[in-house]
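Colleague: Next up is a structure, given as C-alpha cells.
The values are calculated or read from the model by the stated rules, or taken from the named source; none is laboratory data. No experiment lies behind these values; they were computed from the predicted model shown. With ideal geometry, Cβ positions are generated from the backbone for all residues, glycine too; neighbour counts draw on all protein chains shown. Keep in mind that these areas ignore ligands, DNA and RNA; they rest on the heavy atoms of the full protein, side chains included. Shrake-Rupley method; radii C 1.70, N 1.55, O 1.52, S 1.80 Å.
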Amino acid sequence: MALLAFDLGGTKLAMAVFNEEGDILFREVSPVQDRGGADVGRLITGRISSLLEDTRDNIHEIQSIGISVPGIYYAGSGKVWAPNIAGWEEYPLLAEVKKAAGEIPVTIDSDRACYILGEQWKGKAQECIDAIFLAVGTGIGAGIMVDGNVLRGSHDIAGAIGWMALQHPFDKKFTRCGCFEYFASGEGIADMAKRMLEEQKGDYRKFKDKSVEDISSHDVFAAYDTGDKVAVKVIGICIEFWGMACANLISLFNPEKIIFGGGVFGPAVSLIPRIKEEAAKWAQPVSMQQVSFESSGLGSDAGLYGAGFLALKKLHP
C-alpha cells in the first residue's frame, strides 16, 4: 500500500509516494512556470492519472492522496484560494482531483497546516501535543497544533499570522500583506534593505554586484554575514519582529515547541537563539520557560511529508 503526496508552491509542484511508515519510495519535482488556473489543476491531475496507471496491480498501489496548497483550503466547498497562482481565487481543486482519483480518497489542506503535520509525523513534533510551525518564506504563516490537532478556525484561515499587528499606529502599507509580513518575510527583508539603501544614496558595497531593485533576502543574509551595516540593521529588526511574534504565540498557546521553517530558515537558522532571547522579553514567563525553539527537521520537505500524513490519516483516522 502506498500514499501519494503533492506539495504545490508558486513555482513548483513536488510529488512523492510514501509507504505507511513514512519512507519515500519515489519523488519528483515539476516546474509550475507561468501556469495559472486550470493549467495548474491539470498539472496535478495529469500526474495523478499517470501514477495511478503506473502503480496499478503493483505492490505499491496508491490507496490515498494528500495535497498541500499555498493559501487557504476551504474544507466545506473543496475550493482553494492561492494568491501566488493566477486564477485560484476559488479554484475547485477537490472536484478536479476526484475526477482523476476515482474511488481513491483525497485530502487537501493549507501548506501551513501540512508543515506542522509533517513535523508531527516525521519531524521535530513527533512527541508533541501542542506545537507551532513558523513558516517564513516569501510570506509568513503558522501551522498551529493544539491537543494533537491542527487549529483551522471557523472558516479555515487560522494561522495567517502575517497579519499579526506588531507595530502602531496602523499604516495603509500593511493592508496588502499584514504588518508582520511587511517587515519580516523574505519579501519584507528585501524591501526593507532596498528602502534603506535608496535613502543612503551612497556606498552599496556588499550589494554592488546587483542593482538595488534586484536585491533578494538571500543577498541581505550574505551581506549580513560580512558585517554590512544595512544588512545588520535589517536582520536586527527582523529578529525583533520574529521574537515578538513568537512571544505572542507562546502566551496564547503555551506550545511545547516552536519550529522554524520556510525559505528564510534557511539562512536564518543561526539566529534562532537570538530570536528566543527577544521572545523572552515579551512572553508569559512561565510558558516561555517551557517552550523550545528548533529548526525544522524536514526542511523544504515539511509540506510534502504533511501531505503524505494527510493521506495516511484519511485511511487511519
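Colleague: Quick one: count up the residues across segment 87-119 that are of a type in the set (Lys, Arg) and within 17 Å of Ala131 (Cα to Cα).
Modeller: Number of matching residues: 1.
Colleague: Same structure, new question: Hey, does segment 167-175 have a residue that's touching an Asp or Glu at 6+ places or on another chain (Cβ under 9 Å) and either under 22 Å from Val291 (Cα atoms) or of a type outside the set (Val, Ile, Thr) (or both)? Don't jump to the end; show me each part of the working.
Modeller: Step one: list which residues in segment 167-175 are touching an Asp or Glu at 6+ places or on another chain (Cβ under 9 Å), which gives 174.
Then keep just the ones that are either under 22 Å from Val291 (Cα atoms) or of a type outside the set (Val, Ile, Thr) (or both); that gives 174.
The answer is yes, given that some residue of segment 167-175 is touching an Asp or Glu at 6+ places or on another chain (Cβ under 9 Å) and either under 22 Å from Val291 (Cα atoms) or of a type outside the set (Val, Ile, Thr) (or both).
Colleague: Here are Ser50, Ser64, Ser30, Ser77: which of them is closer than 22 Å to Leu151 by Cα and either in contact with a Lys or Arg (Cβ under 6 Å, 6 or more places away or on another chain) or among the polar types (S, T, N, Q) (or both)?
Modeller: Numbers: Ser50 fails: closer than 22 Å to Leu151 by Cα; Ser64 fails: closer than 22 Å to Leu151 by Cα; Ser30 fails: closer than 22 Å to Leu151 by Cα.
Sole residue among the options that is closer than 22 Å to Leu151 by Cα and either in contact with a Lys or Arg (Cβ under 6 Å, 6 or more places away or on another chain) or among the polar types (S, T, N, Q) (or both): Ser77.
Colleague: Here's a check for you: in segment 269-280, which residue that is hydrophobic (A, V, I, L, M, F, W, C) and open to solvent by less than 40 Å² (accessible area, probe 1.4 Å) is nearest to Gln126 (Cα to Cα)?
Modeller: Ile272
Colleague: Kindly indicate the residue of segment 21-34 that is part of a loop (DSSP other than H, G, I, E, B) and either among the hydrophobic types (A, V, I, L, M, F, W, C) or modelled with pLDDT of 95 or more (or both) and also nearest to the chain's Cα centre (by Cα) among those meeting that condition. Spell out the reasoning first.
Modeller: Initial filter on segment 21-34 (part of a loop (DSSP other than H, G, I, E, B)): 21-23, 32-34.
Next cut, either among the hydrophobic types (A, V, I, L, M, F, W, C) or modelled with pLDDT of 95 or more (or both) only: 21-23, 32.
On the way: Glu21: 23, Gly22: 20, Asp23: 22, Val32: 17 Å.
Among them, the one singled out is Val32.
Colleague: Applying the selection to segment 229-276, what residues are part of a helix (DSSP H, G or I) and in contact with a strand residue (DSSP E or B) (Cβ under 6 Å, 6 or more places away or on another chain)?
Modeller: Cys246, Leu249, Val269, Ile272, Lys276 - these are the residues of segment 229-276 that are part of a helix (DSSP H, G or I) and in contact with a strand residue (DSSP E or B) (Cβ under 6 Å, 6 or more places away or on another chain).
Colleague: Would you mind stating whether Gly66 is touching a residue at least 40 places away in the same chain (Cβ under 8 Å), within 27 Å of Asp156 (Cβ to Cβ) and in a loop (DSSP other than H, G, I, E, B)? Before you say what the answer is, go through the steps one by one.
Modeller: Details: touching a residue at least 40 places away in the same chain (Cβ under 8 Å): yes; within 27 Å of Asp156 (Cβ to Cβ): yes; in a loop (DSSP other than H, G, I, E, B): no.
No, not satisfied.
Colleague: Among (1) of a type outside the set (Gly, Ala, Ser); (2) in contact (Cβ under 8 Å) with a residue 24 or more places away in the chain; (3) under 28 Å from Gly306 (Cα atoms), where does Pro273 come up short?
Modeller: All conditions are met except number (2).
Colleague: Okay, next question. Taking segment 294-317 as the search range and keeping residues that are more than 17 Å from the chain's Cα centre (by Cα) and of a type outside the set (D, E, K, R), which one is surrounded by the most Cβ atoms within 10 Å (Cβ to Cβ)?
Modeller: Step one: filter segment 294-317 for residues more than 17 Å from the chain's Cα centre (by Cα), giving 311-317.
From the residues that got through so far, the ones that are of a type outside the set (D, E, K, R) too are 311-312, 315-317.
Details: Ala311: 26, Leu312: 24, Leu315: 13, His316: 7, Pro317: 5.
Step by step, filter segment 294-317, then rank; the result is Ala311.
Colleague: Checking the condition out of contact with any strand residue (DSSP E or B) (no Cβ under 7 Å at 6 or more places or on another chain), under 26 Å from Phe260 (Cα atoms), open to solvent by less than 20 Å² (accessible area, probe 1.4 Å) and touching a residue at least 12 places away in the same chain (Cβ under 8 Å), which residue from Gly78, Gly71, Gly10, Gly22 passes? Explain how you work it out, then say what you get.
Modeller: Working: Gly78 fails: under 26 Å from Phe260 (Cα atoms); Gly71 fails: out of contact with any strand residue (DSSP E or B) (no Cβ under 7 Å at 6 or more places or on another chain); Gly10 fails: open to solvent by less than 20 Å² (accessible area, probe 1.4 Å).
Result of the check over Gly78, Gly71, Gly10, Gly22: Gly22.
Colleague: Further, regarding this structure: Any idea which residue in segment 36-62 is nearest to Phe18 (Cα to Cα), counting only those that are surrounded by fewer than 17 Cβ atoms within 10 Å (Cβ to Cβ) and in contact with a helix residue (DSSP H, G or I) (Cβ under 7 Å, 6 or more places away or on another chain)?
Modeller: By that ranking, first place goes to Glu61.
Colleague: Write out, first by first residue and then by second, each pair whose Cβ atoms fall under 6 Å of each other, whose residues are 6+ apart or on separate chains, and whose first residue, in segment 239-268, is open to solvent by less than 10 Å² (accessible area, probe 1.4 Å) while the second is acidic (Asp, Glu) and assigned to a helix (DSSP H, G or I).
Modeller: Ile239/Glu278; Gly243/Glu278; Ile259/Glu119
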